[in-house]
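S.K.: I have a structure here, written as structure tokens, and I will follow up with some questions on it.
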Amino acid sequence: MDLNRSANSRWLARRTLALVLAGGRGSRLMNLTDNRAKPAVHFGGKFRIIDFALSNCLNSGLRRIGVITQYKSHSLLRHLQRGWSFMRNEMGEFIDLLPAQQRTNEEHWYRGTADAIWQNLDIIRNSTPPEYVVVLAGDHVYKMDYSIMLADHVANGRGVTVGCIEVSCEEATGFGVMAVNEQRHVTAFVEKPAVPPTLPGQPGRSLASMGIYIFSADYLFRLLEEDAQDPDSSHDFGKELIPRAVAEGQALAHPFSMSAIANPPYSRPYWRDVGTVDAYWAANLDLASTTPELNMYDRDWPIWTYQEQLPPAKFVHNQEDGRRGQAVDSLVSGGCIVSGATVIDSVLFSNVLLRSYSQVTRSVVLPDVQINRHCRVRNAVIDRRCKLPEGLVVGEDAELDAKRFYRSPNGVVLVTRDMLRKL
């Protein structure tokens, strides 16, 4: 072990504040975010999406954290209070919950990502003022050592370091995209360009922002104050602050590959937006595969969450007439009862009950769902607390599914309680 490097990492972490932006709805997830913010959406059988950013903070040694919330934040705040309240303020560590409060005036809630931090600047300054600020999106799934990026930021002496990932030019149109030189200095930053800049020597590949920024605190505060005075600003990091830092020659690119947590046998770092129903469904189902791209069994980089104390999953009935409780190539969480039903290539969250002769195939079933007898569910996402009536068939008749539920462009069917009430 490099003792000097280890001591330096601890020193930097103690002088750093992490701010997790968790106020967005995530409208492309359709009805899945009708009653919860995107960071509060369930993922991976037992987690919420925000657990990944918060776990990265803890595993990286960052224990001064603020979570900024706005859109329908009740379930998110409840999750954080139940599962993330173990920090010890006496040890200089905390998770502060920062909902929109109209702190700077009584006219505006958070108007953008930059404004969300600006409106909490008095809280940040009145605590132990940080030397560095890590700004994170709370709605992505990945494993990353922020301490490596922090050390990179300090070593290079720029005002801001931007976490970035290589994507195809087709994908890049949905991101903030950077042009960089050989020293990784950002020379241009364009938000969702129709024709994105490409990497040097790699036509067809672009460098996309991950929504991860590390600022020197004084530089961030100056940018925020200037932005707050601009009546024409949309008060957004990607649209205003980062382009301004680029224009001032103060932006450095930090490739995700430098600090991603390795996941053998995959060489490509894992990062997912899970921002659409299709992407959410596919990322969850990948976890049930033989060798998933995201390793959730890594005890060296654990993902923390709140989980209710539940009995083990149970599989009952073993009869010859098709009434056999079984699950194949699936994740089945605590509290589930598979009673004479069949589960294939699926993810069952906590407290799911499947009754006899029902079949669930290639589907994601959120907590507290009941699937009654003789139901057939295929290629679907079933929202929390749904009760599927006996004999309901989902995912086999595209025209009928589109009339009753939400059906994605790739044929994934989203079922919610409100939709079921209208049957």
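The values are calculated or read from the model by the stated rules, or taken from the named source; none is laboratory data. What you see is a predicted model; the values in this text were computed from it and never measured. All Cβ positions, glycine included, derive from the backbone under ideal geometry; neighbour counts span all protein chains shown. What goes into the accessible areas is simple: the full protein's heavy atoms, side chains included, and nothing from ligands, DNA or RNA. Shrake-Rupley method; radii C 1.70, N 1.55, O 1.52, S 1.80 Å.
S.K.: May I ask for the longest run of the chain untouched by GluC sites (Glu not before Pro) that are loop-located per DSSP and have at most 10 neighbouring C-beta atoms (other than their own) within 10 Å? Could you put the intermediate results ahead of the total?
M.R.: Numbers: sites that count: E106, E107, E182, E320.
Answer from the scan: 183-319.
S.K.: Between M419 and T173, with labels modelled 7 Å along Cα→Cβ, what's the label distance in nm to one decimal, could you check?
M.R.: Reported label-point gap for M419 and T173 is 2.7 nm.
S.K.: So, for the chain, what is the accessible surface per residue at a probe of 1.4 Å, expressed in square angstrom?
M.R.: Working: 19250 Å² over 423 residues.
Accessible area per residue: 46 Å².
S.K.: Any chance you could give the angle, 0 to 90 degrees and rounded to 10, that helix 146-156 forms with the longest Cα principal axis of the chain?
M.R.: 20 degrees
S.K.: If you take every DSSP beta bridge fully contained in the chain, what fraction is antiparallel? Give it as a percent rounded to 5.
M.R.: On the way: 30 of 80 bridges.
If we restrict to bridges inside the chain, about 40 percent are antiparallel.
S.K.: Could you check the simple spin-label distance between D286 and E248, using points 7 Å along Cα→Cβ, in nm with one decimal?
M.R.: In this crude label model, D286 to E248 measures out at 3.7 nm.
S.K.: Also, quick follow-up: Leaving ligands, DNA and RNA out of it, report the carbon-plus-sulfur percent of the accessible area of region 41-183 at a 1.4 Å probe. All intermediate terms of the calculation are to be shown ahead of the outcome.
M.R.: Working: 2590 of 5620 Å².
Whole-percent figure for carbon plus sulfur exposure: 46.
S.K.: Please state the relative contact order of region 111-262 as a whole percent: Cα pairs under 8 Å, 6+ residues apart?
M.R.: Values: 261 pairs, mean separation 56.5, N = 152.
Contact order relative to length: 37 percent.
S.K.: Right, here's the next one. May I have the extent of the alpha carbons of the chain along their three principal axes, as whole Å values ordered from largest to smallest?
M.R.: 71, 50, 50
S.K.: Another one. Cα-Cα over 26 Å: which of K38/K192; K46/K239; K46/K387? Before the final figure, lay out each step's value.
M.R.: Working: K38/K192 20 Å; K46/K239 35 Å; K46/K387 20 Å.
Long pairs (Cα-Cα over 26 Å): K46/K239.
S.K.: Okay, moving on. Expected output is a single nm value to one decimal: the length gained when fully extending between H374 and E131, i.e. 0.36 nm times separation in residues minus the C-alpha distance. What is it?
M.R.: Values: separation 243, 0.36 × 243 = 87.48 nm, distance 6.01 nm.
Length difference between fully extended and current span is 81.5 nm.
S.K.: State the Cα centre-to-centre distance between region 112-191 and region 326-387 in whole Å.
M.R.: Their Cα centres are 39 Å away from one another.
S.K.: Let me ask something else. Please report, as a whole percent, how much of the solvent-accessible surface of region 295-418 comes from carbon and sulfur atoms (probe radius 1.4 Å). Intermediate results must be reported in sequence, preceding the final value.
M.R.: Values: 2640 of 6210 Å².
Carbon and sulfur: 43 percent of the exposed surface of region 295-418.
S.K.: If one takes the longest principal axis of the Cα atoms in the chain, at what angle in degrees, from 0 to 90 and to the nearest 10, does the Cα axis of helix 277-286 lie?
M.R.: Compared with the principal axis, the helix lies near 80 degrees.
S.K.: Please compute the Cα-Cα pair-distance distribution of region 262-314 with 10 Å bins starting at 0, giving whole percents from short to long.
M.R.: Result returned by the calculation: 19, 42, 33, 6.
S.K.: To the nearest 500 deg cm²/dmol, what mean residue ellipticity at 222 nm is calculated for the chain from DSSP H runs of n ≥ 4 alone, each contributing -39,500 (n - 2.57), summed and divided by the residues? Intermediate results must be reported in sequence, preceding the final value.
M.R.: Numbers: 12 runs with 99 residues, N = 423.
That calculation yields -6500 deg cm²/dmol at 222 nm.
S.K.: Label-point separation (nm) for K314 and A194, each offset 7 Å from Cα along Cα-to-Cβ?
M.R.: Modelled inter-label distance: 6.1 nm.
S.K.: With viscosity set to 0.692 mPa s and temperature to 37 °C, compute the Stokes-Einstein D of region 37-161, Rh being the Kirkwood radius across alpha carbon pairs; µm²/s, no decimals. Each step should come with its number before you reach the end.
M.R.: Numbers: Rh = 15.7 Å.
So the translational diffusion coefficient is about 208 µm²/s.
S.K.: Note the full-extension length gain between Q229 and M30 as 0.36 nm times their separation in residues minus their Cα-Cα distance, in nm to one decimal. The partial results should precede the final answer.
M.R.: Working: separation 199, 0.36 × 199 = 71.64 nm, distance 3.48 nm.
So the extension gain works out to 68.2 nm.
S.K.: If you take all C-alpha pairs in region 297-393, what percent of them are over 23 Å apart? Could you put the intermediate results ahead of the total?
M.R.: Working: 994 of 4656 pairs.
That tail contains 21 percent of the Cα-Cα pairs.
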